[in-house]
Structure formats: structure tokens, C-alpha cells
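Values quoted throughout were computed directly from the atomic coordinates according to the rules given, and no laboratory measurement underlies them. Since the model is a prediction, treat every value here as computed from it, not as a measurement. Glycine gets a Cβ as well: all are built from the backbone with ideal geometry, and neighbour counts include every protein chain shown.
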Amino acid sequence: MWRIPGVAVAETQLVPGSGELDVLRTAVDAREAALADGMRADRAREFLTGRVLAGRAASVLGLRHRAVLRSTNGGPRWPGDRTGSITHTRRYAAAAVSLPTVTLAVGLDAEEDRSLGEDAAAFVLTRGELDHVRELQRSDGPAAWDTRIVSAKEAAFKLWSGLTGERLSPMDIDVRLGEHPDGICAAVHGTVLRGRFSVEDGLLRSWVRLPSLVPSAAENSGPAGSSPAQQWHGAPEPRQAGCSPARGEAEHTARELPAASSGVWSVPWVVSRSSVSRGTGASDGQGGSILAARDSNDVSQRSAVISRSLKAMWPSA
């Protein structure tokens, strides 16, 4: 279950090889369906399910479904009246939507909660993060701390890429966990993004969020009708800082949410012909997850998969 202040989330379990692509195609905008042309069946199913879920999450906020197309950097291009993020694995998909006056940007990531291993982790974790993994193993016991840090990086990558259009390298994002028991602190170019992670039934969910820096759309310095990403460069700068590995030193975000906007919604949703035809139902990630490489037991094949996935996510890597 996702618990993100001021953000509506729709989620569903995916069964590999199941689901009807023709049904999913009719449930989304024709332009969204066209983006899935040429994808292999499982990839198209994940992609289209994400778009359906985005529409479902938007409906919780009273927004009608509008096409979520693709930006020039490969990620989702959200309509100007909303901001959001989409994530999916082979067995799970989720989409988050919020209003720009409440949330400037949000990033989601879901992964299997299994350790990457030292060799793979070295591709994407900074020296400080590798030390942090060892510290967490000593203080909190064995767990997939490396994967949890990488998942937080992916969530931060999606947030920052969608907000600014910048393609980050893994070393541009510095993550620390544990400022509270399930806390995430991600520093990008000195800007702190905060969020949380959870693990349930082997599924890791991570999110980071940047609250709106202005109280209303009318006071936003961006032009009328512009997207949150376009408005970002004219908005006040968020707090500049780094992430401390010490516990109990969490800072407040740049602006607290107004009480009326701090509700939490999470909408479980199952893809089926009946649910799609009733209209109950959508960013995908910016490339395949590096964590998919763990499915390979062959070291050389695993390294090759990691390398290809890294280039898809972070071309400069």
C-alpha cells in the first residue's frame, strides 16, 4: 500500500502472459495505444496497464483521463493539470497522480526486494552509498539494502527527469536511508528529495516527492497552462542540502502540505474485460530496470544485462 501525502495511487497485480492487449488498447487514448506499437506483448501489457492506472488515479482526484504521452527524454509527459509517475515490474504496476498546486513532482519505483550483489551494486552506488549499505547491514541486519538504495535512486531519477528534463547519471543521485525507520533522503545536485519505502510480500515500493513551492496555481510564476516542469525554473528554489546518514536528523520539506490536501488514496485495481469496459481504470520508467538483471544466474550474462539496462536508464553511464 502506498501512503504518499496528497497523491492518489492506483495499483494492480500483473500475471505474466495474461491480460488482453486489445482490451487495454481500447481503455486508453489512441495516442497512448500507438506508443505501444512494436513492443513485445508483455512489455506492451505493462505499458498500457500503467496508462490505464494513471487514468484511474486521476479519477480519484476528480480529473478526467487525458493522454500521458512520451517526453523527449523517454519518460511520461503529463498533462499540465496534473503531475505523476508510473512504475511496473513483471508482476505489479502502479501509477501516482497529484495536482501541481499540491505536488510539484513525484517519483515511484517498485522492485523485487532481492539484493543486487556487490559487483552489480558497484555499477550504480557511490562510494558513500556502498559504505552506507555496510553500515545498515551492521546496524539493522542482513537485507537488500543495496536494492533499496537503487530503488530510491530510480524514484528520484523519475521525479527529476520529469520535472527538469535532465537525464541524470547514477552518481548524480546520493541516497541515504533510515532518517526514520523507512525513510528515504535523495540529494540531486544539492536539492533534497524525501520519501519512504516499504516491503510487503517481497515487493519493494519506493517513493520520493517534492511538494509544491507555491500555495496556488494563480501565484505560480509559470505561464498559464504550462506544465509543472515548465514552471519549475521560475519557482522558488527548494532547500539546498545534502543527506546525512545519521538517524534522527530529518529535515522538513520546503513547504508543508495544507491540512486539506494531505489525504492519502490508494486504489487497488485488477485488469479485466469487465472492469475496463466499465471505465474503472492509464511513464512508465525511463528504460528497463537494472534490477531485472538478477534473474540471470550467469555472471557474464548478468553483467551484460546490467550494462544494457544502465545505458537505457542513464545513457552517460
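Qualifying trypsin sites (Lys or Arg not before Pro) in the stretch 59-145, where qualification requires a DSSP coil assignment and no more than 16 other C-beta atoms within 10 Å, comprise R64, R66, R90, R91, R114. Modelled this way, with points 7 Å down the Cα-to-C-beta line, the labels at A143 and D131 are 2.2 nm from one another. In a fully extended conformation the segment linking L61 and M39 would gain 4.8 nm over its present Cα-Cα distance, using 0.36 nm per residue.
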